[in-house]
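K.L.:
Got a structure for you, written out below as structure tokens; questions coming shortly.
The values are calculated or read from the model by the stated rules, or taken from the named source; none is laboratory data. Here the structure is a predicted model, which is why all the values come from computation and not from measurement. Backbone-built Cβ (ideal geometry, glycine too); neighbour counts: all protein chains shown.
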Amino acid sequence: MRYQLIVFDFDGTLMDTNAIIKESLEAASMAYRKKRITAEEFEKILGKPLKQQMLDLDLYMADEMVDFYRTYYRENQAMSVKLFEGIRELLEGLKQDGVLCGILTNKGRHGLNNALKTYQLESYFGFTLSAQDVVNAKPYPEGLHRICEYFKIPEAQTLMVGDSAHDIEAGINAGIDTCLVSWTILNMDRLKTLNPNYIVNHPSEIRLINNA
């Protein structure tokens, strides 16, 4: 077994929240900036904590946009949010293999807890950290070091799996191997320049890597 601990990002990696996140951001932008979000802006903000996303879009209306986003997201998520194909099977397989799993996300704690409960994922993760649980969110390495410390697993035996530059950079900054998922909605060519250790096209490949 190559890695004893695998740390996952949440949105866009485990859960297909891409559509509702972009829709909610667009709705907030139209409501307060009166314009759509450009492709360049999406590349800049996706994967960041919500407050920072809104600050990047509008320094003066950020708090109002955060409240609008959260309300819109809650009211419209049911029809579009789902686990990516193969994720539950991956988590079951890793559990059978005795691999420890954690989550490090820039999502808020309330949203993370609600999603874990709704989609019955709580039993797969021994420790989770949200944006509100750390002083410095991804791409800073704080969260990864804390998860490794919690499980008492060295960074050299840990893998970070994610869909954004913040995930890959956090792993690099922590001295942890990284895995980029190809189902990201971000620009793959740009993400590849970060030189993740692995790029996978299906969740099952993560288990294959670990058992190679």
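Conditions (1) at pLDDT 95 or above; (2) over 15 Å from the mean Cα position of the chain (by Cα), marked per residue:
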| residue | (1), (2) |
| --- | --- |
| 129 | yes, no |
| 149 | yes, yes |
| 161 | yes, no |
| 172 | yes, yes |
| 177 | yes, yes |
| 195 | yes, yes |
| 206 | yes, yes |
| 212 | no, yes |
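K.L.:
Mind checking which residues of the range 119-147 are in contact with a Cys (Cβ under 9 Å, 6 or more places away or on another chain) and among the small types (Gly, Ala, Ser)?
P.N.:
126
K.L.:
All but one of (1) surrounded by fewer than 21 Cβ atoms within 10 Å (Cβ to Cβ); (2) out of contact with any strand residue (DSSP E or B) (no Cβ under 8 Å at 6 or more places or on another chain); (3) not acidic (Asp, Glu) hold for residue 46; state the number of the condition that does not hold.
P.N.:
(1) is the only condition that residue 46 fails.
K.L.:
Within the range 35-43, identify whether any single residue is of a type outside the set (D, E, K, R) and under 24 Å from residue 132 (Cα atoms), and answer yes or no.
P.N.:
Checked against the condition, which is being of a type outside the set (D, E, K, R) and under 24 Å from residue 132 (Cα atoms), the range 35-43 yields at least one hit.
K.L.:
Can you tell me which residue among 167, 189 is of a type in the set (Asp, Glu), surrounded by 15 or more Cβ atoms within 10 Å (Cβ to Cβ) and in the same structural domain as residue 153 (by TED's automatic domain parsing)?
P.N.:
Exactly one residue qualifies, and that residue is 167.
K.L.:
Considering 3, 60, which residue is out of contact with any helix residue (DSSP H, G or I) (no Cβ under 8 Å at 6 or more places or on another chain), in a loop (DSSP other than H, G, I, E, B) and farther than 21 Å from residue 132 by Cβ?
P.N.:
Values: 3 fails: out of contact with any helix residue (DSSP H, G or I) (no Cβ under 8 Å at 6 or more places or on another chain).
Criteria check complete, one pass: 60.
K.L.:
Hey, does the range 98-115 have a residue that's out of contact with any strand residue (DSSP E or B) (no Cβ under 6 Å at 6 or more places or on another chain), on the phi > 0 side of the Ramachandran plot and either modelled with pLDDT of 90 or more or of a type outside the set (A, V, I, L, M, F, W, C) (or both)?
P.N.:
Yes, the range 98-115 has at least one match.
K.L.:
Scanning the range 99-129 for residues that are closer than 18 Å to residue 21 by Cβ and β-branched (Val, Ile, Thr), which turns out surrounded by the fewest Cβ atoms within 10 Å (Cβ to Cβ)?
P.N.:
Among those residues, the one meeting the criterion is 118.
K.L.:
For residue 41, state whether it is surrounded by fewer than 22 Cβ atoms within 10 Å (Cβ to Cβ), in contact with a Ser or Thr (Cβ under 9 Å, 6 or more places away or on another chain), assigned to a helix (DSSP H, G or I) and free of Cβ contacts under 8 Å to residues at least 40 places away in the same chain.
P.N.:
yes
K.L.:
While we're looking at this one, here's another question. Can you report the number of residues in the range 76-97 which are modelled with pLDDT of 90 or more, closer than 27 Å to residue 57 by Cβ and not in a loop (DSSP other than H, G, I, E, B)?
P.N.:
1
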